[in-house]
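Okay, so here's the structure we're looking at.
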Amino acid sequence: QKEVEQNSGPLSVPEGAIASLNCTYSDRGSQSFFWYRQYSGKSPELIMSIYSNGDKEDGRFTAQLNKASQYVSLLIRDSQPSDSATYLCADAGANAGKSTFGDGTTLTVKP
Amino acid sequence: GAVVSQHPSRVICKSGTSVKIECRSLDFQATTMFWYRQFPKQSLMLMATSNEGSKATYEQGVEKDKFLINHASLTLSTLTVTSAHPEDSSFYICSARSSTGFEQYFGPGTRLTVT
């Protein structure tokens, strides 16, 4: 079992809709969680980090963390075609060592 | 945000030659750098973790004698692919993390093609 699990998708939403991306993790000691966006042929780009239970909002993005249930989610409001990419969930590990990445969820936003 | 550069962005080399890829953190000191490899439409695969001034820690299955990593300063790490073969053709990406945070910042990647 992978330590960080994501639905591979693909996830398709119409422009303007809310895209919901989910991630579960197995290491109960993990304290830090991240969402990265990777466009095709490019390297990942950090878009959100979250450390505490609850929601964290940044523009159209909201990250949600529930440590009791060991899941992290990313909501993208008012989705745009430019949001079409693969979204990677990662944690920093109990000892803040190397991060463990999920395999990513591919999102397509249709105009 | 933190900026990480990689050089070269693209390289083509002949089988049997060696290629060096540089990764630099431009506006922060990177105590830890990571090297990843990604094949088309596949997940990121961590190759090794390097801490400044220490030997790199390689993931299982990654040949340390083939992929030489040097993290000589707080802003520079290098990956040398020795005696490259066509199966080493891939997208190599570095990332860097500072001592003050847990986020990783990725370089733009190096696309290696071995002919």
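The values are calculated or read from the model by the stated rules, or taken from the named source; none is laboratory data. It should be emphasised that the depicted structure is a prediction, and the values quoted were computed from it without experimental measurement. Glycine also receives a Cβ, built like all others from the backbone with ideal geometry; neighbour counts cover every protein chain displayed. Note: accessible area is taken over every heavy atom of the protein model, side chains too, but ligands, DNA and RNA are not part of it. Shrake-Rupley method; radii C 1.70, N 1.55, O 1.52, S 1.80 Å.
In summary, strands (runs of 3 or more DSSP E) completely within the stretch A:1-94 and bearing 3 or more residues that are of a type in the set (D, E, K, R) occur at A:54-58.
Scanning for something buried (at least 16 other Cβ atoms within 10 Å of the Cβ), closer than 18 Å to A:Ala90 by Cα and within 14 Å of chain A (Cβ to nearest Cβ), does the stretch B:80-92 turn up at least one residue? Within the stretch B:80-92, not a single residue is buried (at least 16 other Cβ atoms within 10 Å of the Cβ), closer than 18 Å to A:Ala90 by Cα and within 14 Å of chain A (Cβ to nearest Cβ).
Scanning the stretch A:82-101 for residues that are at pLDDT 95 or above, out of contact with any strand residue (DSSP E or B) (no Cβ under 9 Å at 6 or more places or on another chain) and more than 14 Å from chain B (Cβ to nearest Cβ) turns up nothing.
With respect to B:Arg10, is the statement that it is under 22 Å from B:Ser99 (Cβ atoms) and open to solvent by 70 Å² or more (accessible area, probe 1.4 Å) true?
Taking the combined requirement at face value, the residue does not satisfy it.
The residues of the stretch B:13-39 that are surrounded by fewer than 17 Cβ atoms within 10 Å (Cβ to Cβ) and touching a Phe, Trp or Tyr at 6+ places or on another chain (Cβ under 8 Å) amount to a single one, B:Phe39. Do we find a residue being open to solvent by 30 Å² or more (accessible area, probe 1.4 Å), touching a residue at least 60 places away in the same chain (Cβ under 8 Å) and at negative phi anywhere in the stretch A:32-50? The answer is no; no qualifying residue exists. Evaluate the following for A:Thr24: is it in contact with a Phe, Trp or Tyr (Cβ under 7 Å, 6 or more places away or on another chain), away from chain B (no Cβ under 14 Å) and either over 30 Å from B:Leu112 (Cβ atoms) or open to solvent by 30 Å² or more (accessible area, probe 1.4 Å) (or both)? The answer is yes for A:Thr24. Taken over the stretch A:6-21, residues that are at pLDDT 95 or above and open to solvent by 40 Å² or more (accessible area, probe 1.4 Å) amount to 7. A:Gln64 passes every criterion in (1) at negative phi; (2) within 14 Å of another protein chain (Cβ to nearest Cβ); (3) surrounded by 15 or more Cβ atoms within 10 Å (Cβ to Cβ); (4) touching a strand residue (DSSP E or B) at 6+ places or on another chain (Cβ under 6 Å) apart from (2).
The lone criterion from (1) touching a strand residue (DSSP E or B) at 6+ places or on another chain (Cβ under 8 Å); (2) on the phi > 0 side of the Ramachandran plot left unmet by B:Lys14 is number (2).
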